[in-house]
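The structure appears right after this line, and notes come after that.
Here, each number is a calculation from the coordinates, and none is a lab measurement. All values derive from a computational prediction rather than experimental measurement. Here Cβ is always computed from backbone atoms with ideal geometry, including for glycine, and neighbour counts include all displayed protein chains.
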Amino acid sequence: MKRTVIFGGKPIELAGEAIKPGHQAPDFTVVNAKLESVKLSDYAGKTRVIAVYPSIDTGVCQAQNRRFNAEAANFKDLVVLSISCDLPFAQRRFCAAEGLDHVITLSDHRDVDFGKKYGFLMQEVRLLARGTVIIDPQGIVQYVEYVPEITQEPDYEAALKHLKGSL
């Protein structure tokens, strides 16, 4: 079954299978700000929030990162992985300018490994769709949101409600 999101006013198909709550979280490899390969498994044993967005150079994506950064400070044993296909330099520049220190920006630009394995890849434009994934310390997906319209922010309250109930 084809899954789509609205991007630029038109439907764009998402590549890969949708990840669902209850699934074992697939490991993936992305690139950090130092251009080093990083895996999801590098953060094992912690609750992981994956904030997924198309580009740090848009207002909605910036707001998403600011919000998750602010919320992360309220939780113990939580790591927020902020993932897009932006180059690591752009992600680092934005976080430094904004003083964001509770999110870890990671780039999927090299292999789009995360995008394919989690079903967030808008292959036609080679960007990630917007959404949120929460993975528990045992590596089980607990919450997933694929935002249907790219210009909309994720449902922060639903994600926070889930986090507050599980941490």
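Values as computed for the structure displayed
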| read-out | value |
| --- | --- |
| Other-chain or far-sequence residues with amide H under 5 Å of residue 128's (modelled H) | 85, 122 |
| Over the chain, relative contact order from alpha-carbon pairs under 8 Å, at least 6 apart, % | 32 percent |
| Calculated from backbone phi, Karplus (6.51, -1.76, 1.60) coupling profile of segment 102-108 in Hz, x at Gly/Pro | 10, 10, 10, 7, 9, 10, 9 |
| Cβ-based exposure ranking for 164, 116, in which fewest neighbours within 10 Å come first | 164, 116 |
| Ranking of 110, 130, 92 by count of other Cβ atoms within 10 Å, fewest first | 110, 92, 130 |
| Karplus 3J(HN,Hα) series, Hz, for segment 139-144 with 6.51 cos²θ - 1.76 cosθ + 1.60 (x for Gly, Pro) | x, 9, 5, 10, 8, 9 |
| Among (i) -1.04; (ii) -0.92; (iii) -0.75, the entry derived from the coordinates for log10 I(q)/I(0) by the Debye sum over Cα atoms at q = 0.15 Å⁻¹ | (iii) |
| Net charge, residue 29 excluded, C-beta distance under 12 Å - Lys, Arg +1, Asp, Glu -1 | -2 |
| HN-Hα J in Hz across segment 115-122 - Karplus 6.51, -1.76, 1.60, θ = phi - 60°, x for Gly and Pro | x, 6, 6, 9, x, 9, 7, 8 |
| Euclidean distance of C-alpha centroids, segment 7-54 and segment 55-111, integer Å | 13 Å |
